[in-house]
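Step one of this worksheet: look at the structure below.
Each value in this text was obtained by applying a stated rule to the coordinates, not by laboratory testing. All of these numbers come straight from a predicted model, not from anything done at the bench. Neighbour counts are summed over all protein chains in view; Cβ atoms, including those assigned to glycine, are modelled from backbone coordinates with ideal geometry.
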Amino acid sequence: MSYKDTITSLFDAAALNLCMTGESVAEVGAHYGYNSIMLGQILKTNGKYVAIEANPGVAKCLRKNIVLNDLSETVEIIEKAASDRPGRGVIQDIVSLLADKNKVVTKRINVECDTLNEMLKDKDVSLILIGVPNAAFAVLKGADKIIDESDNIRILAHLDMDRVDKSIDVRGDLTFLANHGLKFYEVVSSKSISEISIDEMINKQEFVVLMRKDK
């Protein structure tokens, strides 16, 4: 896969707009490397990109795509699942789609888990992309030290409230983030954001949110 200058989603477009030359960027759920390649081109001369992908089969393709696009010196790949604690976990891998697009065949894969606090230690990351809508809150709880220690941290997350585990206290997790100094902005377009409250986020379904500290 190579980057052809085609933006496929609001999340990707916002990520491109936020990325600045010379910074360090991390992406949770790098998949086959679309953003790794697109943003890696921006960071190639004097930046770094950390691509985190838990699925071993997908990570294998990701590595090939990074080599294909001559980004091995810019993009570091971490084959783990980002979570709120280290250990082992299970992810669902899509095996096939059925005729009814709402039904999929999946298999369970055991993977190694770790926190962003640990995976990004000493990497001075200023932009974090979270493209795993069903696990974003666990990922964010494992980044509390990064959030506390950085005044310029920006976190772009794709959230899908319908896919979040019902056992998760969404309000509590959002309040946790707010207490760590983050404010929330819904991404309206690639270059437009609008402040959004915790109540408004809880009542939305699928959206892209930018979290940052405002001085």
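Numerical summary
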item	result
Mean residue ellipticity (222 nm) of the chain, computed from DSSP H runs ≥ 4 via -39,500 (n - 2.57), nearest 500	-8000 deg cm²/dmol
Of GLY33, GLY142, GLY87, the one that fluctuates the most in a GNM where the chain has Cα springs shorter than 10 Å	GLY87
Filtered trypsin sites (Lys or Arg not before Pro), segment 150-186: DSSP coil and at most 12 other beta carbons within 10 Å	LYS166
Kirkwood hydrodynamic radius (C-alpha pairs) into Stokes-Einstein, segment 110-152, 4 °C and 1.567 mPa s, D in µm²/s	116 µm²/s
Sites ILE198 and ASP122, calculated FRET efficiency, Cβ-Cβ separation with R0 45 Å, nearest 0.05	0.90
R0 of 22 Å, Cβ-Cβ distance LEU16-VAL188: FRET efficiency to nearest 0.05	0.90
Residue with peak Gaussian network fluctuation, the chain [Cα springs, cutoff 10 Å], from THR106, THR74, THR175	THR106
Coil-residue GluC sites (Glu not before Pro) of segment 165-202, DSSP, other Cβ within 10 Å capped at 12	none
Rounded D (µm²/s) - the chain, Kirkwood Rh over Cα pairs, Stokes-Einstein at 25 °C, 0.890 mPa s	139 µm²/s
Inter-label distance for GLU206 and THR106, nm, one decimal - labels placed 7 Å from Cα along Cα-to-Cβ	1.5 nm
Karplus-derived 3J(HN,Hα), 6.51/-1.76/1.60, for each residue of segment 160-169, Hz, glycine and proline x	9, 4, 5, 9, 6, 3, 5, 7, 7, 7
For segment 101-215, alpha-carbon Rg over 2.2 N^0.38 Å	1.10
Filter on LYS80/LYS121; LYS141/LYS166; LYS48/LYS204; LYS44/LYS121 - keep pairs with C-alpha separation over 26 Å	LYS48/LYS204
ASP151 versus CYS61: modelled label distance in nm, points set 7 Å from Cα along the beta carbon direction	4.3 nm
Residues ASP162 and SER72, FRET efficiency given R0 of 45 Å [Cβ-Cβ distance, rounded to 0.05]	0.75
About the Cα centre, charge dipole magnitude for the chain (Lys/Arg +1, Asp/Glu -1 at Cβ), debye	440 debye
Hz values of 3J(HN,Hα) by residue in segment 141-150 - Karplus curve (6.51, -1.76, 1.60), Gly and Pro given as x	5, x, 10, 4, 5, 4, 4, 5, 8, 10
